[in-house]
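Taking it in order: structure first as structure tokens, then the write-up.
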């Protein structure tokens, strides 16, 4: 950040440190942050911690298929959460599934943020007819449900990681663009930006130095929600069979695979991957809520 | 009953425990108000004058809390009163008018509806009478064509009319005490004067007692009989308006007077009080005004002055100005 | 009011035009348009005949105009899978989806708004904390997984409610309705609840945020100072003030509720539009996809129109300002 963008601080605390201090006061949010960190760590280390490589078909045995939690399989170890229809250890499948879900969520959420912020801030900086037209388009898209858009796009584009990311980004960027535009447009109308625009500073410099830093806080608030909803949307699409191919099973795929066995009471195949998904998304949302509350000046006393 | 003041506030303390520390917004405020009397409560923003008003009605929002003192209304203690009893008292015995009618009136409801809700809250006036009471009060407050105003929404009225409506809402249940928190500050000077005149007339007519909160000594001098000057959560000077304005004993009051444009001699610059209002978190030791006071001595830095009084003119100062 | 309606209608028509362009581009231009019109096993002669009939050799803008012309005449073509006109297929299933969606929204509003207002009124209380915790889970838990759990608990384990289908229906106004029979109602409960949960959580959060802010404002303080009871303050002032953002979001969310019905209908085998679109996507029944998207856009546009009108009815500032303009 440029020195000009750093707000004046009269106390000895840096804004970041004060932010962390306030965050720490909410124990629930702190616990949620720990959960997110723990899940990310587990997903990253999946090949090391998982008792089994779920993609290694040679290691699977149909004799182990659809066994309840606690079953000791032919591999000689306990399947703490049971096995799926192919005889896969569910713990291992979930760890690898988390990896894929997180990867998709971060990739799609991150890209949606970058593209949305760029679009929103550019539209605000341009203003006038062109900026207005850009936002009109964004609004039009916003009135169309994201899930349906992602759904149709992933159906049209076909199965695959990149196609799915593209569908998720297309479905989500508009929300970020609206948020960034709102903040940036408010900033643009302030006197100091008008003053800066009238100096020989180039428009791009004003955009970069003044408008963008001020449009960022609301976007940061949106960020965690975007990642959480990308993960959730990906799972939904995969559950409906238009998301990831079966060769790359995310949590949503695992849940879908277990659905048909649910009515016969073999709940664990769907329930445990679902719980992992719920815990992850909930934890991310709680962290996001806390950040939002802390950044919202209206709720401050 | 006769010698009992309508409102008696004694050693009222309202503190806010915030993240940054304890804020003593109101810290030992005392005053009395007789029937039909108007007391001007004057101070800069942050002096605790509005919080004093809210404290009387028991309307302090958390994290604020009345931590001590007493508020007696016609001999009845209001501090610690059950919320239900306090509720029936508000509006009917003690009412309050706020600064910004744009923020106080509900933009989604018509004027008539808002008045009706307030009358219904106390349930003393029934159906057709309600309308008559609203119209009567509006007429007395100088609202032209009151019939059509009842059907109007707040945004359709001018600023002056809006504030008159807000005042009417507060007076509907005929309270004996009105706390007016800068009700004319947001208005044009000419409308301010009109409303002041109407309020003075209303006070004379109905015998309602009033605490007029303002930062503007000039406004207060035109409506109040007595004035109390607040600084950092305390009343530092109080007495009859004329005496206090002509011969203030507290240097702070002097400073306030000197910074009034109307008081300045032509050609001479205004004399603002040096320094700024102290943060209530870090209230200066001793007399809270000493860092801004030209007369301050070592005594002022260490010892908080007690209230002294002569001829109904009270002040908290170690080195008071000369009496008239 | 008439002028407002007129202006809104023109806007809605513009939006529909833009939407139809997007759908045209999305489905016709990206995919091979011939696949949209005829089955993959058609002969060369049929192929050439169709290309000529639909003018697929014409420039893109001419094709779009033709597409638009057919749309306006309600001609969406025939479904590859069912072999019947697409429009009939859709109209038969629309009531089931509307029934499900409206039930879900009704649940979300009638339960969510009071809970949210309470949570905003007493923000620190244990009950409010519990409501908020539930709402965080509510917006976080994916709809499809909640559906599975509902089936598992209420249909598989407890056996109280059926796991899928519409149950017994009654014919009223030319269409079948589930909510009029006890059996139908039993079938409706789980899917409606499933679809409602996300919106319910959203309503709670919105109502809480609005109440929290308004409770700190001067309107409430002034009403309290005038002696209004807490109930009157909430009922007459707070509810009126939070109504506008609630209606806005509700209007926007109606569209996404219809969209999410795709998920719920799949899980509960609810024979509505969502089930149809899922099937059409997996079987590449493109005429059905196009028709669904166009009709859904039309539905959304209509709802936005209704929301705007509801706005004007709710907010006096808007009502007078617009009719004066």
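Here, each number is a calculation from the coordinates, and none is a lab measurement. What you see is a predicted model; the values in this text were computed from it and never measured. Reconstructed Cβ throughout: ideal geometry from the backbone, glycine too, with neighbour counts over all protein chains shown.
Measure of size requested: the Rg and Dmax of region C:184-318, with Cα atoms as the atom set and Å as the unit; please supply both.
Rg and Dmax of region C:184-318, Cα atoms, are 19.8, 66 Å.
If you take the beta carbon distance between residue A:56 and residue C:279 as r and set R0 to 35 Å, what does 1/(1 + (r/R0)^6) give as a FRET efficiency, to the nearest 0.05?
The formula returns an efficiency of 0.50 here.
At 37 °C and 0.692 mPa s, grab the translational diffusion coefficient of region B:104-174 from Stokes-Einstein with a Kirkwood Rh over Cα pairs, rounded to a whole number in µm² per second.
Taking Rh from Cα pairs, D becomes 277 µm²/s.
When B:293, B:287 are ordered from fewest to most other Cβ atoms inside 10 Å of their Cβ, what list results?
Ascending number of Cβ neighbours within 10 Å: B:293, B:287.
I need the semi-axes of the equivalent ellipsoid of chain C: take the C-alpha gyration tensor, multiply each eigenvalue by 5, square-root it, list largest first in whole angstrom.
After diagonalising the Cα gyration tensor, the semi-axes are 42, 28, 16 Å.
For chain C, calculate the relative contact order in percent as a whole number, restricting contacts to Cα pairs under 8 Å that are 6 or more residues apart.
Once divided by the residue count of chain C, the mean separation gives 25 percent.
Which percentage, to the nearest 5, of the DSSP beta bridges contained in the protein assembly as shown is antiparallel?
Taking every DSSP beta bridge within the protein assembly as shown, about 65 percent pair in antiparallel fashion.
Could I have the simple spin-label model distance between residue B:307 and residue B:19, label points 7 Å from Cα toward Cβ, reported in nm to one decimal?
3.7
Evaluate the distance, in nm, between pseudo-label points positioned 7 Å from the Cα of residue B:102 and of residue C:302 along their respective Cα→Cβ axes.
My value for the distance between the label points is 4.1 nm.
If I take R0 = 30 Å and measure r between the Cβ atoms of residue C:82 and residue C:9 in this structure, what FRET efficiency does the formula 1/(1 + (r/R0)^6) give, to the nearest 0.05?
Working from the Cβ atoms, E equals 0.35.
For A:268, C:177, what ranking results if the residue with the fewest other Cβ atoms within 10 Å of its Cβ goes first?
Neighbour counts put them in this order, fewest first: C:177, A:268.
Given all pairs of different Cα atoms, what value in angstroms does the Kirkwood hydrodynamic radius of chain B take?
Kirkwood hydrodynamic radius for chain B: 20.7 Å.
Could you work out the Rg to Rh ratio of the protein assembly as shown, with Rh taken as the Kirkwood radius (inverse of the mean 1/r over all Cα pairs)?
Here Rg/Rh amounts to 1.05.
Where Rh denotes the Kirkwood radius from the mean inverse Cα pair distance, what is Rg over Rh for region C:182-259?
Rounded to two decimals, Rg over Rh is 1.15.
So for C:285, A:293, C:69, fewest C-beta neighbours within 10 Å to most, what's the order?
Ascending Cβ contact count within 10 Å gives the list C:69, A:293, C:285.
Given 37 °C and 0.692 mPa s, how large is the Stokes-Einstein diffusion coefficient of chain A in µm²/s, with Rh as the Kirkwood radius over Cα pairs?
In µm²/s, the coefficient rounds to 153.
Out of all DSSP beta bridges in chain B, what portion is antiparallel? Express it as a percent rounded to 5.
That works out to approximately 60 percent antiparallel.
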